[in-house]
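Below: one structure, written as structure tokens.
The values are calculated or read from the model by the stated rules, or taken from the named source; none is laboratory data. Bear in mind that the values here come from a model prediction, so they are computed numbers and not experimental data. Cβ atoms come from the backbone with ideal geometry, glycine included; neighbour counts cover every protein chain shown.
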Amino acid sequence: MKASSRNRIITLALAGLGLIALLPATANAGPKDRDRDGLSNKRERKIGTNPRKADTDRDTLKDGREVKRTRTNPRRADTDRDGVKDGAEIRRGLNPRDDDSDGDGTSDRYERKGVIVAIEGESVVIRAKYGSEITFGVDATTFIEGADRDGDGVLTLADFQVGDRVEVNLSADGSLAQTLELKTDDDDMNEASRAADLQPRLVGALALLRLTR
């Protein structure tokens with residue numbers, strides 16, 4: 001056998017051995033983030049989430065987003081236990097870590113905000129900020145806040161109209177409005193002002209916390 005042919009055979013044999021040697025390492029090495037949720041398999045095992053499921057608690061938020069951004073519990077669909085899943089709270093603009101996002105004393109479970117799209121008798125339909133429509137009744141027990149548009153000195157459902165922005169606190173079964181409030185531009189400005197006042201205090205609290213660590 002010629003030397004050139006022998007050298008070629010040896011080269012091919014060595015190359016084949018090299019590939020075989022690499023096979024076990026390749027077969028045993030899984031992806032660092034198997035479910036592609038933004039958390040490594042190692043970290044998921046550490047915090048108790050499922051490295052094979054991107055959304056362990058099925059609240060429509062990926063585990064990585066819950067840990068890194070929303071700071072919610074990726075193992076509990078409803079972090080603040082207010083009856084509304086974390087993903088739904090995010091879509092509604094609520095705080096998934098606070099069961100009373102606006103601090104008005106009513107749980108987010110019963111509170112809805114939206115625009116009136118229909119009024120039929122004592123039944124009201126509003127379109128919420130997150131797109132769905134909610135139907136509820138209004139009766140003599142409903143506490144109403146708003147403008148006395150008909151000038152009769154009594155606030156009733158007749159003082160509301162399609163297009164009004166409202167906030168409603170519902171009964172436990174969601175069928176009846178316990179309170180119905182007309183929202184105005186002044187209300188929005190007051191909420192924005194409260195948020196602006198709160199921000200510096202939060203920043204200061206975080207700075208103090210860092211200093212005490």
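If we keep just the residues of the range 149-188 that are farther than 26 Å from residue 82 by Cβ and among the hydroxyl-bearing types (Ser, Thr, Tyr), which is surrounded by the most Cβ atoms within 10 Å (Cβ to Cβ)? Result: 156. Within the range 165-192, if we keep just the residues that are modelled with pLDDT under 75 and hydrophobic (A, V, I, L, M, F, W, C), the residue that is nearest to residue 140 (Cα to Cα) turns out to be 189. Considering the conditions (1) in contact with a helix residue (DSSP H, G or I) (Cβ under 8 Å, 6 or more places away or on another chain); (2) hydrophobic (A, V, I, L, M, F, W, C); (3) outside any helix (DSSP H, G or I), residue 116 is excluded by exactly one of them, (1).
Does residue 173 meet the test of being over 26 Å from the mean Cα position of the chain (by Cα) and of a type outside the set (A, V, I, L, M, F, W, C)? No. Just the residues that are surrounded by fewer than 22 Cβ atoms within 10 Å (Cβ to Cβ) and outside any loop (DSSP other than H, G, I, E, B), please, taken from the range 56-86. Once the filter is applied, which keeps residues that are surrounded by fewer than 22 Cβ atoms within 10 Å (Cβ to Cβ) and outside any loop (DSSP other than H, G, I, E, B), the range 56-86 yields 64, 65, 67, 68, 69, 70. Scanning the range 102-120 for residues that are surrounded by 20 or more Cβ atoms within 10 Å (Cβ to Cβ) and among the small types (Gly, Ala, Ser) turns up just one, 114.
Identify the residue in the range 130-148 that is surrounded by 14 or more Cβ atoms within 10 Å (Cβ to Cβ) and in a loop (DSSP other than H, G, I, E, B) and, among all such residues, is modelled with the lowest pLDDT. If we take residues in the range 130-148 being surrounded by 14 or more Cβ atoms within 10 Å (Cβ to Cβ) and in a loop (DSSP other than H, G, I, E, B), then 130 is modelled with the lowest pLDDT.
The residue that is modelled with the highest pLDDT, among those in the range 91-113 that are outside any strand (DSSP E or B) and among the basic types (Lys, Arg), is 97.
Is there a residue being modelled with pLDDT of 90 or more and more than 20 Å from the chain's Cα centre (by Cα) anywhere in the range 51-65? Yes, because at least one residue in the range 51-65 is modelled with pLDDT of 90 or more and more than 20 Å from the chain's Cα centre (by Cα). Within the range 30-55, the residues that satisfy the criterion of being in a loop (DSSP other than H, G, I, E, B), of a type in the set (D, E, K, R) and surrounded by fewer than 22 Cβ atoms within 10 Å (Cβ to Cβ) are 32, 33, 34, 35, 36, 52, 53, 55.
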